[in-house]
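Chemist: Sending over a structure as structure tokens; questions will come in a sec.
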Amino acid sequence: MKRFFPTVFVICFIGYIDALNVIPEPLKDDFFAIYRKAAVTSREIQAAPVTPSNITFYLFTKDDPNKYVRINKDDLQRVSPYKNSKFAFLIHGWTGDREATWYTEIKDNLLKKGYAVIEVDWKEPANEFYYISSINTYDVAKIITDLILELHQRQGVPLKNILPIGHSLGGHIVGFIGQKIYEHTDQKLPRIVALDPAGPLFDVRPADKRLNNTSADVVHVVHTDGGTFGYKDVIGTIDFFVNGGSSQPGCKRVDLADLKTITEPLSCDHRRAPFLFAEALAFPHEYVAQKCDSWDDFKENKCQNGEKVAMGDLNSRSHGKFYLKTGKDRPFFKIEEEEEKKEAEKEVEKIVEKGTDKAQDGRNNRPSEENKAKGPLQVIKDKTRQIIG
Ligand SMILES: *[C@@H]1O[C@H](CO)[C@@H](O)[C@H](O)[C@H]1NC(C)=O
Ligand SMILES: *[C@@H]1O[C@H](CO)[C@@H](O)[C@H](O)[C@H]1NC(C)=O
Ligand SMILES: *[C@@H]1O[C@H](CO)[C@@H](O)[C@H](O)[C@H]1NC(C)=O
Ligand SMILES: [Ca+2]
């Protein structure tokens, strides 16, 4: 694994490097810098080994949502009184730590559902250059798995009560945990949750070297930044593509040709995933997704009879691609009327364009400059007026 050095990627990223020179100063530490860091240092850096001392586990229970006890695989006595509850593990991503802002929110929502929650801090291995942290995920997963196996074998916690939830690189860690549990016990975890699992360097790995659809019985995936920092394609057994899965309302588009105009973190889309999931746990009825083949079909209401699943439903056994829309501010399930109207206008524009394409095929007539200037909504209104008199 450690030999799997990304020399190839370095060459591929030369193109990005030029673009990165224009990144504004405040963003230099952002996720995007992974490409440059990987390129400059791939031959100079030796990865430090990951040991159990690099990973800290904080146990929270319903008795006091604000108080934790630290546990480790050799000291699980504090867990005994809770051995009949479900256990969720929260696992952050690159450059993260236990202060990850989403931990508290998901933890509190899960405590209310009767879970005990273990916040995992793997900050040292997570704060290396990206490609090294991405390789560290495998060893981090091994150490977390060792603790889960102790919980299971010594404390009698059934594997069906274990729920790993990871964001970004943590999304692949939960996959490796599921696979390792299966290797050790011949049993699969019932569910793992990957929140915008990392794309860079993983999208070129074969399926057995990353999260995949056999990592657990249900591999529950939320996509928010596919193609940039997140994994773009279907990777689980149930994949939720929020707002299409690659860009989120209220986040600016990442435009490599025009990075100077960007003032917010480039990873806004990517960071949205755990907060959407937190809300989906608290308000399951506000996060109902629809099974559909594509975002375009979903937007054109072609899947209205399709199956519906709540994104926060931790018991669903459904398979496939699911789509839903959200708004741009918290709570994200609120979609402003203004946004809806814009969306609707865009849709109409498309339909009108398609219509004129068809018209061109048949009669070779182009949309008139006059109609273009009016805008699609007005054109439709005018046409309707003509028809109904
Ligand atoms: C893990 O901890 C050891 C000692 O505490 C340290 O030397 C090592 O660099 C750490 N590993 C990583 C990957 O940070
Ligand atoms: C998923 O990864 C595991 C572990 O590497 C591998 O055994 C399994 O075949 C992979 N599943 C798929 C569908 O590729
Ligand atoms: C996993 O994905 C592979 C292809 O990527 C597919 O052939 C297989 O049916 C999937 N298995 C499950 C359990 O979804
Ligand atoms: Ca994006």
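Chemist: Compute from the Cα atoms of the stretch 47-335 the Rg and the Dmax, the latter being the longest Cα-Cα distance, and quote both in angstrom.
Modeler: Every Cα atom of the stretch 47-335 included, Rg and Dmax give 18.2, 56 Å.
Chemist: State the Cα centre-to-centre distance between the stretch 133-149 and the stretch 189-240 in whole Å.
Modeler: Each part's Cα centre sits 17 Å from the other's.
Chemist: Now a separate question. Checking the table Lys123/Lys160; Lys113/Lys302; Lys209/Lys252 against a 30 Å threshold on Cα-Cα, which pairs fail? Could you put the intermediate results ahead of the total?
Modeler: Details: Lys123/Lys160 28 Å; Lys113/Lys302 35 Å; Lys209/Lys252 32 Å.
Cα-Cα > 30 Å for Lys113/Lys302; Lys209/Lys252; rest within.
Chemist: If you average 1/r over all unlike Cα pairs in the stretch 43-161 and invert the result, what Kirkwood radius do you get in angstrom?
Modeler: The answer is 14.9 Å.
Chemist: If packing is taken as the average count of other Cβ atoms within 10 Å, what order do 148-159, 184-195 fall into, highest mean first?
Modeler: Values: 148-159: 16.6, 184-195: 21.2.
Descending packing order for the listed peptides: 184-195, 148-159.
Chemist: To continue, here is another question. For the stretch 89-213, rounded, prolate or oblate, judged on the Cα gyration tensor with a ≥ b ≥ c (square roots of eigenvalues), a/c < 1.5 rounded, else prolate if a/b > b/c?
Modeler: On the way: a/c = 1.72, a/b = 1.19, b/c = 1.44.
Taking the square roots of the gyration eigenvalues as a ≥ b ≥ c, the stretch 89-213 is oblate.
Chemist: Going out from 0 in 10 Å bins, what whole percent of all Cα-Cα distances in the stretch 85-138 drops into each bin?
Modeler: Here the calculated profile for the stretch 85-138 is 26, 43, 25, 6.
Rule-based calculations on the coordinates, nothing more; no lab input. Note that the structure is a prediction, hence the values are computed from the model and not measured. Every residue, glycine among them, receives a Cβ derived from its backbone with ideal geometry; neighbour counts consider all protein chains shown.
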